[in-house]
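The values are calculated or read from the model by the stated rules, or taken from the named source; none is laboratory data. Computed from a prediction, not measured in an experiment: that's the story for all the values here. Every residue, glycine among them, receives a Cβ derived from its backbone with ideal geometry; neighbour counts consider all protein chains shown.
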Amino acid sequence: MGAVDRGGTGVEGTGVESADASGTEVTNMIDVHTHYVPKGWPDLTADAGTDAPWLKVESERDAVIMMGTNEFRRISSDAWSAEVRLADMDADGVDVQVVSPTPAFFNYGRSPEQGARISRIFNDLALEITAPAQDRLIPFCQVPLQDPDEACRELDRCLENGHRGVEIGNHVGDADLDSEGIVTFLQHCASRGVPVFVHPWDMDSSPRLNRWMAQWLTAMPAETHLSILSLVLGGVFDRIDESLKIGFAHGGGSFAFWLGRMENAWHGRNDVIGTSEYPPSHYMGRFYVDSVVFDERALRLLVDTVGAERVMVGSDYPYPLGERRVGDVVRKSAFLDASARELVTRTNAERFLGI
């Protein structure tokens with residue numbers, strides 16, 4: 001592990017926006033958490049019903065993702081244009097981006113055949129978006145996770161065509177990541193050496209979460225926390241060896257803050273939650289998280305909990321709840337020494353991606 005300097009807070013950074021806390025320019029980051037949206041796709045109504053996603057293009061730069069007749073999200077050309085994306089990367093000191101699907105397009109609730117057709121459409125369009133800069137834009141595919149056989153087939157097809165990894169949602173209906181079908185898919189990924197990036201999706205739609213973007217501010221971190229918990233307490237890490245390279249969005253959600261509570265529960269009520277062979281702390285080092293936590297104090301807790309070797313820069317680009325400039329908190333966090341900062345900004349992602 002890179003040494004971590006416990007002295008100083010460094011919350012305000014150095015005053016030099018493009019430099020890290022030591023005043024050194026950061027220009028070679030790998031951003032493992034970005035998304036794309038194609039500038040249009042074939043009609044999905046036959047596979048996804050009347051609420052199928054489509055893109056209402058308003059100009060060369062602006063569009064709206066629609067779900068049937070409902071507006072889902074406004075986007076700009078940075079979602080589909082390699083040229084715009086690369087210019088933003090250069091401005092932020094990002095050398096390489098992982099370009100992953102937008103989770104709204106997963107369609108895990110459809111039949112396996114419908115899900116496979118939808119995945120193929122978006123996966124092929126992703127390759128078109130990343131083709132202009134294959135050395136800098138690394139495509140991750142999506143798969144019909146509702147059916148492990150179809151998911152494995154689509155993953156294999158995508159690997160042959162140029163995808164380098166896969167992004168999956170954190171659950172399929174009521175099935176978490178420790179369900180047999182998803183474990184089968186994760187075992188296949190491990191056998192192929194394929195990195196898996198887990199992104200929360202399909203959050204609780206309770207009316208209580210309809211205010212203040214509460215689905216994104218509370219349900220999303222909780223979903224990610226539950227995903228890691230399912231791998232630990234569900235015994236998945238006991239069944240799949242360290243060949244599984246798996247990472248989680250948004251700093252792993254609320255997991256780092258509550259590891260102590262899980263540890264206490266595992267020892268105090270092992271009769272209830274003792275599915276895993278070891279207590280939760282044993283599995284630190286089995287998964288990665290991204291750095292998009294927006295606050296140095298949160299990043300310090302994350303590094304202290306999972307280790308500097310397991311945190312990778314992520315931004316959630318190009319969406320408005322992402323971090324711009326990319327890696328800003330990592331740059332300005334004085335508790336990271338040069339060795340730890342290099343791990344977080346690049347080395348860990350190289351290991352995760354196999355590059």
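Here Pro200 passes the criteria (1) touching a strand residue (DSSP E or B) at 6+ places or on another chain (Cβ under 7 Å); (2) within 19 Å of Met312 (Cβ to Cβ); (3) surrounded by 20 or more Cβ atoms within 10 Å (Cβ to Cβ) except the one numbered (1). Among the conditions (1) on the phi > 0 side of the Ramachandran plot; (2) modelled with pLDDT of 95 or more; (3) buried (at least 18 other Cβ atoms within 10 Å of the Cβ), the only one that Pro101 does not satisfy is (1). Residues that are in contact with a strand residue (DSSP E or B) (Cβ under 8 Å, 6 or more places away or on another chain), free of Cβ contacts under 8 Å to residues at least 24 places away in the same chain and under 19 Å from Gly115 (Cβ atoms) within the stretch 43-75 comprise Asp43, Asp51, Ala52, Trp54, listed in sequence order. Scanning the stretch 220-254 for residues that are outside any helix (DSSP H, G or I) and either of a type outside the set (S, T, N, Q) or crowded, with 24+ Cβ neighbours inside 10 Å (or both) yields Gly234, Gly235, Ile240, Asp241, Glu242, Leu244, Lys245, Ile246, Gly247, Phe248, Ala249, Gly253. The residues of the stretch 303-355 that are closer than 22 Å to Val166 by Cα, at pLDDT 95 or above and of a type in the set (Phe, Trp, Tyr), listed by number, are Tyr317, Phe352. If you go through the stretch 203-216 and pick out every residue that is assigned to a helix (DSSP H, G or I) and surrounded by 13 or more Cβ atoms within 10 Å (Cβ to Cβ), you end up with 4.
Of these, Glu71, Glu83, which one is over 21 Å from the mean Cα position of the chain (by Cα), charged (D, E, K, R) and within 18 Å of Val326 (Cα to Cα)? Exactly one of Glu71, Glu83 is over 21 Å from the mean Cα position of the chain (by Cα), charged (D, E, K, R) and within 18 Å of Val326 (Cα to Cα), namely Glu83. Only a single criterion out of (1) at pLDDT 95 or above; (2) under 23 Å from Thr102 (Cβ atoms); (3) of a type in the set (Phe, Trp, Tyr); (4) in a helix (DSSP H, G or I) is not satisfied by Phe197, namely (4).
Residues of the stretch 151-169 that are surrounded by fewer than 21 Cβ atoms within 10 Å (Cβ to Cβ) and over 17 Å from Gly247 (Cα atoms): Cys152, Arg153, Asp156, Arg157, Leu159, Glu160, Asn161, Gly162. Considering the stretch 272-292 alone, what residues qualify as being of a type in the set (A, V, I, L, M, F, W, C) and either assigned to a strand (DSSP E or B) or more than 24 Å from Pro195 (Cα to Cα) (or both)? Result: Val272, Ile273, Val289.
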